[in-house]
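Novice: The structure's right below; bear with me while I get my questions together.
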Amino acid sequence: MKKLLLPDKCSIKENGRSCVNPPEHVISVVTHQDEYMIGVCCENHKNLISGKLESLQREGKIPQGKINFVKLKAVGTDCIRSSPDDLIHL
Ligand SMILES: [Zn+2]
């Protein structure tokens, strides 16, 4: 996979507001020839984003292939906050 600068926040935007959670997964689409990095997402949005990518693939907006999530290595634990109460209700 090509090395790219990663955003420091989850790529999901909901109701016009960007998610502020730190990214925990890099999302890419793996095709026969290549691997395309799509963005990053937090744990909470992993399922949401994979559903979204499948519909983008059906519309032909992103390459067809397997949607792949790669867990980012934690850079530091003190800035990662997670609690079940923070879950976003869709
Ligand atoms: Zn998020």
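Novice: Just in the range 16-68: which trypsin sites (Lys or Arg not before Pro) are loop by DSSP and have at most 13 other Cβ atoms within 10 Å?
Specialist: Lys61
Novice: For the range 10-19, what does the Karplus curve 6.51 cos²θ - 1.76 cosθ + 1.60, with θ = phi - 60°, yield as ³J(HN,Hα) per residue in whole Hz, taken in order and with x for Gly and Pro?
Specialist: Working through the residues one at a time gives 3, 7, 7, 10, 10, 6, x, 10, 6, 5 Hz.
Novice: Accessible area per residue for the range 1-70 in Å², computed with a 1.4 Å probe and the full protein assembly in place, what is it?
Specialist: The answer is 66 Å² per residue.
Novice: Using 19 Å as the Cα-Cα cut-off, could you pick out the over-long pairs in Lys52/Lys73; Lys13/Lys66; Lys9/Lys71; Lys9/Lys66?
Specialist: Going by Cα-Cα distance, Lys52/Lys73; Lys13/Lys66; Lys9/Lys66 fall outside the 19 Å limit.
Novice: So how far apart, in nm, are the two label points at Val20 and Leu48 if each is 7 Å from Cα heading toward Cβ?
Specialist: If labels sit at Val20 and Leu48, their model points lie 1.5 nm apart.
Novice: With θ taken as phi - 60° and the coefficients 6.51, -1.76 and 1.60, list the Karplus ³J(HN,Hα) couplings across the range 42-59 in order, rounded to whole Hz; mark glycine and proline as x.
Specialist: Ordered by residue, 3J(HN,Hα) equals 8, 4, 4, 9, 4, 5, 4, 5, 5, x, 5, 5, 5, 6, 5, 5, 4, 7 Hz.
Novice: Remind me, relative contact order of the range 1-69 in percent, using alpha carbon pairs under 8 angstrom and six or more residues apart?
Specialist: Details: 107 pairs, mean separation 21.5, N = 69.
This gives 31 percent for the range 1-69.
Novice: Could I have the simple spin-label model distance between Lys71 and Ser55, label points 7 Å from Cα toward Cβ, reported in nm to one decimal?
Specialist: Here the modelled spin labels are 2.9 nm apart.
The values are calculated or read from the model by the stated rules, or taken from the named source; none is laboratory data. A quick note: this is a predicted structure, and the numbers were derived from the prediction, not measured. Don't worry about glycine lacking a Cβ; one is built from the backbone with ideal geometry, like all the others, and counts go over all protein chains shown. We work out accessible area using only protein heavy atoms, side chains counted, and drop any ligands, DNA or RNA first. Shrake-Rupley method; radii C 1.70, N 1.55, O 1.52, S 1.80 Å.
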